[in-house]
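The values are calculated or read from the model by the stated rules, or taken from the named source; none is laboratory data. Fair warning: this is a prediction, and the values are worked out from it, not measured in the lab. Glycine gets a Cβ as well: all are built from the backbone with ideal geometry, and neighbour counts include every protein chain shown. Ligands, DNA and RNA are stripped out before the accessible areas are found, and what is left, the full protein with its side chains, is counted by its heavy atoms. Shrake-Rupley method; radii C 1.70, N 1.55, O 1.52, S 1.80 Å.
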Amino acid sequence: MLSSSLRVAVVCVSNINRSVEAHSILRRKGLSVRSFGTESHVRLPGPSSPVVYDFATTYKEMYNDLLRKDREHYTHNGILHILGRNERIKPGPERFQECTDFFDVIFTCEESVYDTVVEDLCSREQQTLQPVHAINMDIEDSLESATLGAFLICELCQCLQQSDDMEDSLEELLLQMEEKARRSFLHTICFY
């Protein structure tokens, strides 16, 4: 088990798949973690058009609604499975822009989410000047890619936990991870 001193957030578009999968894995490893979305509403793929929910809607309410609408379709596309998993992790989706907690590292799952998170952090009034590292790792929004991405995020967190000085070692760790995972990361430092 890792020490939970590293405070981590994982952010995707709707706080449904990628961020919650990482949340689950990081929590099992003992990290202090939260997950979020950045959009104004939660959008789930429907048979012909997206199904839209407020962020205040719980995962259980979404699950029951989709079950009533088309059990076969939402079972086949995996959405019911994802919502069932999510409900075991936390009650419902949360918007990053509404969170006032401080984190050491914020992982985003696609560049547009990274841009939104960095913009939001930079627009907040600075209070403590505590640094927060925003790191983007593009993760395709599929079950398999979400799991693989979550393991990469977990590995990076484990390396950060073991480093003597996160601030000094982060850039090198990101370069090593880029080479190992054959993907690039975006990284910036913001301040609370």
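For segment 163-192, name all the residues that are open to solvent by 80 Å² or more (accessible area, probe 1.4 Å), at pLDDT below 90 and assigned to a helix (DSSP H, G or I).
E167, D168
State which residue is most open to solvent (accessible area, probe 1.4 Å) when the search covers only segment 1-22 and only residues that are part of a helix (DSSP H, G or I) and farther than 20 Å from H187 by Cα.
Restricting to residues being part of a helix (DSSP H, G or I) and farther than 20 Å from H187 by Cα, the top hit is E21.
How many residues are part of a helix (DSSP H, G or I) and either touching a Ser or Thr at 6+ places or on another chain (Cβ under 7 Å) or more than 20 Å from F103 (Cα to Cα) (or both) if we restrict to segment 137-162?
Residues that pass the stated criteria total 7.
Out of segment 52-99, which residues are of a type in the set (A, V, I, L, M, F, W, C) and under 23 Å from S24 (Cβ atoms)?
F55, A56, M62, L66, L67, I79, L80, I82, L83, I89, F96, C99
Could you grab me the full set of residues in segment 84-103 that are in a loop (DSSP other than H, G, I, E, B), basic (K, R) and surrounded by fewer than 17 Cβ atoms within 10 Å (Cβ to Cβ)?
none
Give the residue that is farthest from V10 (Cα to Cα), with candidates limited to residues of segment 57-68 that are open to solvent by 20 Å² or more (accessible area, probe 1.4 Å) and part of a helix (DSSP H, G or I).
R68
Go through S48, S5, S40, S24 for me and flag whichever is under 24 Å from S145 (Cβ atoms) and among the polar types (S, T, N, Q).
Of S48, S5, S40, S24, the one residue that is under 24 Å from S145 (Cβ atoms) and among the polar types (S, T, N, Q) is S24.
With assigned to a strand (DSSP E or B) and open to solvent by 80 Å² or more (accessible area, probe 1.4 Å) as the only criterion, which of R71, R27, R34, R43 stands out?
From the options R71, R27, R34, R43, the qualifying one is R43.
Any idea which of (1) closer than 12 Å to P93 by Cβ; (2) open to solvent by less than 70 Å² (accessible area, probe 1.4 Å) is the one D54 doesn't satisfy?
So the condition that D54 fails would be (2).
In the list D70, D54, D120, which residue meets the criterion of being at pLDDT 95 or above, over 20 Å from A150 (Cβ atoms) and under 16 Å from the mean Cα position of the chain (by Cα)?
D120
Of all residues in segment 141-152, how many are in contact with a Cys (Cβ under 9 Å, 6 or more places away or on another chain) and open to solvent by less than 50 Å² (accessible area, probe 1.4 Å)?
Of the residues in that region, 2 qualify.
Return the residues of segment 104-136 that are open to solvent by 10 Å² or more (accessible area, probe 1.4 Å), within 22 Å of E21 (Cβ to Cβ) and part of a loop (DSSP other than H, G, I, E, B); say none if nothing qualifies.
Matches in segment 104-136: D104, E110.
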